[in-house]
Amino acid sequence: MWAEALRNERVASIVRDGVGQRHQVADFVRERQRRGHLIADVDADALSRVMLSLILGFVLQQAWDPTLDVDGYRTVLDAMIDRFLLVDQSEVAIGSTHLHRQKQATGGLELP
């Protein structure tokens, strides 16, 4: 698809629309930084590009290997967010993170 997008304007338009969602991610990151949930010293635009790369790379890997472990990928991504981006790891700001699910499963207790 990526190679075709370089030659075909219709495909390129579809790819641009998908990649354009990066701005929504950057806005989300900035809002979470403003609220103090995510570390403020990370550039929101750069982070949105990294996150988009992770997602698009995973989509490509799924095309190569449809048996890829989606849950394993999600668990690792959640752990990366928990450990590297959250300001206070005892208060999870993003509802989809591993720590939040762990707290729900343990009635609010943090496990080591």
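Selection of the range 11-52 for residues being of a type in the set (Gly, Ala, Ser) and either touching a Leu at 6+ places or on another chain (Cβ under 6 Å) or outside any helix (DSSP H, G or I) (or both) yields Gly36, Ala40.
Out of Ser48, Ser53, report the one residue that is closer than 19 Å to Phe84 by Cβ, hydroxyl-bearing (Ser, Thr, Tyr) and in contact (Cβ under 8 Å) with a residue 24 or more places away in the chain.
On the way: Ser53 fails: in contact (Cβ under 8 Å) with a residue 24 or more places away in the chain.
Just a single option satisfies the conditions, and that option is Ser48.
Which members of the range 61-83 meet the condition of being free of Cβ contacts under 8 Å to residues at least 12 places away in the same chain, in a helix (DSSP H, G or I) and not charged (D, E, K, R)? Across the range 61-83, the qualifying residues are Gln61, Gln62, Ala63, Trp64, Val70, Gly72, Val76, Met80. Could you go through the range 2-17 and let me know if any residue there is under 18 Å from the mean Cα position of the chain (by Cα) and exposed (fewer than 13 other Cβ atoms within 10 Å of the Cβ). Among the residues of the range 2-17, at least one is under 18 Å from the mean Cα position of the chain (by Cα) and exposed (fewer than 13 other Cβ atoms within 10 Å of the Cβ), which makes the answer yes. The set of residues from the range 59-99 being modelled with pLDDT under 85 and either among the β-branched types (Val, Ile, Thr) or under 16 Å from Phe28 (Cα atoms) (or both) comprises Val59, Val92, Ala93, Ile94, Gly95, Ser96, Thr97.
The values are calculated or read from the model by the stated rules, or taken from the named source; none is laboratory data. The structure presented is a predicted model; accordingly, all values stated were derived computationally and were not measured. Note that we place each Cβ from the backbone using ideal geometry, even for glycine, and neighbour counts take in every protein chain shown.
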